[in-house]
Amino acid sequence: MASVLTLGVATTAYSQTVMRNSISVAQNSHQGVGIDVLAQEVEKGTNGRIIIKNFYSGSLGGERESIESVQLGTQELAASSTGPVPNFVPAVRILDIPFLFRDKAHARAVLDGPIGQAMLKEFDSKGFKALAWSENGVRHMTNSKRPVNGPDDLKGLKMRTMENPVHVAAYKGFGIITTPMAFPEVFTALQQGVVDGQENPLSVIMASKFDQVQKHMTLTGHVYSPAIYLMNKAAFDKLSPADQKVFLDAAKVASQAQRARVDQDDANGVAELRKKGMLVVENVDKAAFVARLKPVNAQFEKEFGKDKIDAIRNYK
C-alpha cells in the first residue's frame with residue numbers, strides 16, 4: 001500500500017508543469033490582478049496540470065529583462081506595459097504616440113478589433129506568442145519640483161521615461177530632460193533626486209507609492225499605455241490545441257479583470273493621492289500640449305505613415 005501511494009504521488013508531481021510569470025509592479029496593482037487571474041484560469045482550465053507561479057515587484061528583473069527572458073525561453077511568461085516592447089517588435093511603437101486615442105474606450109476598441117489583433121501576430125516571428133492585449137492605463141505626470149499647468153512648466157524637468165523611443169522623442173518635444181530607466185529603479189531615483197519626476201497611470205502611481213517621493217501630479221493623460229501578456233513561442237507551440245485555447249481564453253479573462261481594476265483606480269485615485277498629500281492639477285488644456293508636439297507628430301507621420309495613424313485615430 002505504501003509503495004502504491006508513493007508511486008501515485010510521484011506520478012502526480014511528474015505530470016504537473018510549473019511556469020513562471022512576472023510583473024515589475026506590486027501584486028496589489030492592476031497588473032497583479034491580471035496575472036493572478038491568468039494563473040487561476042490556466043490552473044482551472046487544465047485541471048491543475050499547469051501551474052503558473054507569479055513573481056511581483058520586478059523580482060525577476062524589469063519589464064525589458066523579463067521580455068528578453070521570455071524570448072530566450074528562460075522564463076515562460078511575462079506581463080508588461082508596451083514601454084520596452086518596441087525594442088523587440090517595432091510595429092508596436094505606433095501605439096505609444098501621445099494623444100493617439102480619444103479615451104480608454106477608444107483604445108480598447110482598437111486593440112480588441114482588427115488593428116490590434118493583427119498587431120498581435122507580429123510577435124510570432126520574434127519568439128513570442130502574444131496571448132492578449134491588456135491595459136496599463138492613461139499616463140499622467142508627477143514631479144517633486146513644481147505644479148505643471150501647461151507644457152511650458154515641463155521645460156528643464158528631469159523625468160524618468162520608459163525605455164521607449166517614441167516616448168523619449170515626444171517628451172523631448174515638451175522640453176523635458178529625458179532619462180530612460182527600468183521601472184524597478186524608479187522609486188529610488190526619485191527618492192535620491194536623480195530625476196525630478198516620472199509619468200505613469202494612476203494605478204501604477206498608487207501601487208508604487210510614488211506619493212512618498214512626489215509632491216505634484218498633473219492629469220495630462222498624454223499617453224494611453226497598453227499592456228500585453230506574452231508567452232515564449234516554443235513553450236506555447238508545445239501545448240496541445242486544447243491547452244493553447246485555455247491560455248488564450250485565460251488571457252482574455254485576465255485582461256477584463258485588469259481593465260476593471262484600472263477603471264476602479266482611475267475613479268478613486270485622485271482622491272486617494274490627495275489624502276496622502278499630493279497636489280493635483282486636474283483641469284489641463286490638452287490642446288496646448290498637443291500643439292507643442294506638432295513637430296514631433298510630423299516626424300511620427302513620416303515614420304509610421306499618416307494613413308496608419310489616422311486609421312487608429314478615426315477607428316470607431
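The values are calculated or read from the model by the stated rules, or taken from the named source; none is laboratory data. The structure presented is a predicted model; accordingly, all values stated were derived computationally and were not measured. FYI the Cβ positions are ideal-geometry reconstructions off the backbone, even for glycines, and counts take in every protein chain you see.
State all residues of the stretch 267-277 that are in contact (Cβ under 8 Å) with a residue 60 or more places away in the chain and surrounded by fewer than 18 Cβ atoms within 10 Å (Cβ to Cβ); if no residue qualifies, say none. The answer is VAL270, GLU272, LYS276, GLY277. Of everything in the stretch 87-124 that is in a loop (DSSP other than H, G, I, E, B) and touching a Leu at 6+ places or on another chain (Cβ under 8 Å), the residue that is surrounded by the most Cβ atoms within 10 Å (Cβ to Cβ) is PRO98. Quick one: how many residues across the stretch 125-154 are within 30 Å of ALA250 (Cβ to Cβ) and either hydrophobic (A, V, I, L, M, F, W, C) or in a strand (DSSP E or B) (or both)? The total comes to 12.
Residues that are under 26 Å from ASP263 (Cα atoms) and either part of a helix (DSSP H, G or I) or in contact with a His (Cβ under 9 Å, 6 or more places away or on another chain) (or both) within the stretch 70-85 comprise GLY83, VAL85, listed in sequence order.
If you check VAL246 against the conditions, is it surrounded by 15 or more Cβ atoms within 10 Å (Cβ to Cβ), touching a Gly at 6+ places or on another chain (Cβ under 8 Å) and at pLDDT below 95? Taking the combined requirement at face value, the residue does not satisfy it. For the stretch 155-189, a residue qualifies if it is assigned to a loop (DSSP other than H, G, I, E, B), modelled with pLDDT under 95 and touching a Gly at 6+ places or on another chain (Cβ under 7 Å), and the qualifying residues are MET162, GLU163, ASN164, ALA182. Which residue is surrounded by the most Cβ atoms within 10 Å (Cβ to Cβ), if the candidates are limited to the stretch 190-225 and must be in a helix (DSSP H, G or I) and aliphatic (A, V, I, L, M)? Residue satisfying both the conditions and the ranking: VAL204.
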